[in-house]
Amino acid sequence: MYKLILFIKTYEPDFKTVYKLLDSIDKFNQDNIPVIISVNDDHFDFLKPDCFEKYKVYRDSEIFQTTVTEGWRYQQIIKCNVYRLNICENYVAIDSDSVFIRDFYISDFMFDENTPYTIMQESKDLLEMTERLQMDSQTIFFKRALRDTRPFFGNKGKEWDYGPSPYIWNCKVWEHFNEVFLKDLNLDFDTFFTQIDKKSYSPSDCVIYGEYLLKTRLINIIPIGSLFKVYHYKRQYAIEKNQLNMEQLSKIYLGLIHQSNWKRKKKKWYRFFQWN
């Protein structure tokens with residue numbers, strides 16, 4: 001069993017971006033952390049053949065069969081159930097619209113041999129950007145998801161942001177959540193997720209993980225900030241794109257994420273990811 005893997009959930013519309021992500025992993029993965037890919041069953045055979053040669057690729061149904069069909073909810077549920085493969089103790093869940101920009105090592109994700117870091121922060125820089133864009137920072141996505149999820153766990157205190165992606169997750173936490181917490185409530189994962197969905201703007205996998213870990217302390221919590229620089233909004237990118245170059249960003253972050261919901265409309269973005 002691996003101590004740590006890189007896990008990528010993808011589907012055919014995101015294959016162009018996932019190939020860029022995989023190229024960046026091949027370039028910068030200095031400790032050869034194993035790469036595991038999961039693909040929608042219907043799109044499995046459309047992945048490039050060399051992906052099957054270089055990485056372990058699963059059909060989504062080999063991980064978990066969910067009744068949820070809406071895309072962004074569906075992919076969250078698949079990511080939360082990787083522990084069922086029984087192949088790793090911890091995993092870094094990476095979105096397809098990500099790219100690494102510098103060398104990375106196991107130590108970037110693990111505090112010690114048995115303890116992963118936990119992304120857990122107040123994200124004041126993101127709240128500041130939200131206000132700069134004349135949006136209400138108190139109703140930002142992670143705060144709304146947190147407020148609707150937290151009552152299930154009884155946590156209090158700071159409104160933590162357990163993101164952004166990539167997330168570092170411990171399999172024991174997800175297994176305990178499913179096999180102990182949900183069973184005690186006589187719920188399955190889909191039902192729990194749907195209950196939050198009825199209240200929240202956006203049920204969030206990282207909020208569920210973070211709040212359950214905060215409640216149970218199943219592993220030591222060693223908090224860290226963002227692993228990647230994330231451009232959440234098109235207007236944010238317009239403001240920040242010329243402020244720091246790639247070399248400067250790579251001193252701070254392992255990689256970059258440009259949200260896929262507007263990436264396809266802005267092809268110029270890809271030139272930002274070219275390496276010499």
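The values are calculated or read from the model by the stated rules, or taken from the named source; none is laboratory data. Remember, predicted model here, so these are calculated numbers, not experimental data. Virtual Cβ from ideal backbone geometry, glycine too; neighbours counted across all protein chains shown.
Taking the criterion of being of a type in the set (Asp, Glu) and buried (at least 16 other Cβ atoms within 10 Å of the Cβ), the residues of the range 119-176 that qualify are Asp148, Asp161.
Set side by side, the residues Asp42, Asp50, Asp14, Asp31 differ, and just one is part of a loop (DSSP other than H, G, I, E, B) and acidic (Asp, Glu), which is Asp31.
May I ask you to list the residues in the range 221-276 that are in a helix (DSSP H, G or I) and modelled with pLDDT under 65? Give the steps one after another, and end with the answer.
Of all residues in the range 221-276, those in a helix (DSSP H, G or I) come to 234-240, 246-250, 260-263, 267-273.
Once the filter is applied, which keeps residues that are in a helix (DSSP H, G or I) and modelled with pLDDT under 65, the range 221-276 yields Ser260, Asn261, Trp262, Lys263, Lys267, Lys268, Trp269, Tyr270, Arg271, Phe272, Phe273.
Within the range 172-187, residues that are without any contact (Cβ under 8 Å) to a residue 60 or more places away in the chain reach partners that are of a type in the set (Asp, Glu) with beta carbons closer than 9 Å, at six or more positions or on different chains, in the pairs Leu182/Asp188. Across the range 59-72, a minimum of one residue is classified as aliphatic (A, V, I, L, M) and either in contact (Cβ under 8 Å) with a residue 60 or more places away in the chain or surrounded by 22 or more Cβ atoms within 10 Å (Cβ to Cβ) (or both).
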